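Structure, as structure tokens:
Every number here is computed from the coordinates shown, using simple stated rules; none is lab data. None of these values were measured; they are calculated from a predicted model. Neighbour counts run over all protein chains shown; Cβ positions are idealised from the backbone, glycine included.
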Amino acid sequence: MLSYNESLKILKESKALLEGHFILSSGLHSSTYVQCAKLLSQPKQGQIICKSLCEKIKDNYSNIDTILSPALGGIVVGYEVGRQLNITTIFSERVNGKLVLRRGFDIKANSNVLILEDVITTGKSALECSDIIKSHNANLIGFACILDRSDEKILIKEKIVSQIKIKIETYKKNEIPESLKNIPCTKPGSKNLSK
């Protein structure tokens, strides 16, 4: 199993964890930005991180029938963990703003389902997935992710099994520390806008 520092090194090398001055999708500012898609675009590094996460999942959960991941970020990590553990993996996707199962995916009643994400921040998508599991009369056995960057405001009250837990400080626009004000800011993410 990888240590915290080994995991951090891989995340930085793959540019999944960036340092600088970023405007997050929430509008808050931060000196750290996480984009696990960069890690998962590197098959060898992604496989190493997911192998370690699989070991943690096996230590915490048993009898997993299905892995459910929310699109888009959870699809690749869901596939890789499912492949390594030889567990059926499906994903939910947004239709009219709500996560649903499509593409013929189904969850059997009374089956045991693990929710797996790339990054958990607020827990909103994971909880939407838990609603899907409940609606199929199946059992939610837990939550797992590569990177847990949640804080005390997280909506999930159960334990989250993660490869790495990171506290990322965020600031409102009028509360940015001097050390961050002097660094040009970038708005990364799916829109990749600069500001």
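Annotations for the structure displayed:
- Cross-linked pairs LYS58/LYS98; LYS9/LYS38; LYS124/LYS167: Cα-Cα separations exceed 22 Å for LYS58/LYS98.
- Residues VAL119, VAL77, sorted so that the one with the fewest Cβ neighbours within 10 Å comes first: VAL119, VAL77
- Full extension of the chain between LYS134 and LEU8 yields a length gain of 41.9 nm, computed as 0.36 nm times the residue separation minus the alpha carbon distance.
- Helix 124-135 axis, angle to the chain major axis (alpha carbon atoms, nearest 10°): 10
- Using alpha-carbon coordinates, inclination of helix 74-85 to the longest axis of the chain, degrees: 50
- Between helix 43-60 and the chain there is an angle of about 60 degrees, using the helix long axis and the longest principal axis of the Cα atoms.
- In order along region 18-27, the Karplus-derived 3J(HN,Hα) couplings, from 6.51 cos²θ - 1.76 cosθ + 1.60 at θ = phi - 60°, round to 10, 10, x, 10, 10, 9, 7, 4, 6, x Hz, and Gly and Pro are given as x.
- Sites TYR171 and ASN96 - FRET efficiency at Förster radius 45 Å, r taken between beta-carbons, to 0.05: 0.85
- Residues whose amide H lies under 5 Å from that of LYS15, counting only those 5 or more places away or on a different chain, are absent; hydrogens are built 1.01 Å from N in the peptide plane.
- Antiparallel bridges, percent of DSSP beta bridges restricted to the chain (to nearest 5): 35
- Residue-wise HN-Hα coupling along region 87-94, computed from phi with Karplus coefficients 6.51, -1.76, 1.60 (Hz; x: Gly, Pro): 10, 4, 10, 10, 9, 9, 9, 7
- Residues VAL76, VAL113, VAL95, VAL100, ranked from the fewest to the most other C-beta atoms within 10 Å, line up as VAL95, VAL100, VAL76, VAL113.
- Relative contact order of region 4-194, defined on C-alpha pairs under 8 angstrom at six or more residues apart (%): 24
- FRET E, pair ASP151, LYS15, Förster distance 22 Å, beta-carbon r, rounded to 0.05: 0.40
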